[in-house]
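What follows is a single structure, written as structure tokens, with notes after it.
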Ligand code: CTP
Ligand code: CA
């Protein structure tokens with residue numbers, strides 16, 4: 001079938017995949033997070049493994065079972081995801097950053113539970129490190145694949161991220177579109193490559209979307225060598 005033609009591209013290749021949300025702690029009982037389920041990243045990990053890749057999965061907290069035969073690193077915060085992902089970056093042939101990383105974390109954290117008081121509580125937030133951008137700045141021979149979660153002007157924003165993060169391919173989705181985004185089992189994606197190829201996909205299961213994402217990465221790699 002169509003995918004078996006491509007299988008060779010990933011055989012024995014090291015693919016670093018990040019998945020799921022991050023949790024940014026405020027105190028022992030509270031944290032900031034997002035709606036990521038981890039399903040898209042896990043589906044890519046499974047598909048890559050099925051196609052013969054050596055998969056390293058760096059994952060935030062999810063309710064999903066880790067696929068068999070995959071090296072997994074469990075992390076909680078954006079900072080931990082950064083450290084674990086960078087640990088494996090140099091050895092990776094391909095990096096796919098499906099994780100929904102927090103852009104901000106509380107600038108102050110409490111080791112004891114914060115007790116309520118009269119009046120409001122204002123939580124200051126500071127920026128986390130942009131993992132993908134940092135990887136783009138230190139790219140040697142890795143193929144870098146990012147995601148772009150957008151709620152408007154999807155293609156413009158995705159094209160900008162492709163360029164500013166020094167990516168090879170970006171997978172864009174409109175998180176407000178029916179059947180797309182963080183939580184469900186389906187997604188509506190557009191892939192855009194550094195060499196100017198764009199593909200719009202219809203509503204797909206995340207399993208199918210994962211195969212097409214790998215297919216587009218494989219095609220891109222083949223174009224580079226030819
Ligand atoms: N990303 C990352 N580190 C962060 C934030 C995002 O590595 N601290 C990665 C995500 O894993 C994703 C890509 O960057 O692959 C795009 O994430 P997205 O949230 O769509 O874009 P941002 O660059 O964070 O910009 P914004 O949220 O403002 O749209
Ligand atoms: Ca973001």
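A compact table of results
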{"read-out": "Angle in degrees between helix 206-225 and the longest Cα principal axis of the chain, rounded to the nearest 10", "value": "60"}
{"read-out": "The chain: relative contact order in percent, alpha carbon pairs under 8 Å with at least 6 residues between", "value": "19"}
{"read-out": "Within a Gaussian network of the chain (alpha carbon springs, distance under 10 Å), most fluctuating of 68, 46, 79", "value": "68"}
{"read-out": "Ranking of 10, 122, 182, 110 by count of other Cβ atoms within 10 Å, fewest first", "value": "122, 110, 182, 10"}
{"read-out": "Sorted by Cβ density within 10 Å, fewest first, the residues 104, 89, 42", "value": "104, 89, 42"}
{"read-out": "Mean ellipticity per residue at 222 nm, deg cm²/dmol - from DSSP H runs of n ≥ 4 across the chain, formula -39500 (n - 2.57)", "value": "-9000 deg cm²/dmol"}
{"read-out": "Most mobile of 216, 93, 103 in a GNM of the chain (Cα contacts under 10 Å)", "value": "103"}
{"read-out": "Percentage of interatomic Cα-Cα distances in the chain larger than 31 Å", "value": "20"}
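A short reminder: the numbers here are calculations on the coordinates, not readings from a lab. Because the structure is a prediction, the values reported are computed rather than measured. Neighbour counts run over all protein chains shown; Cβ positions are idealised from the backbone, glycine included.
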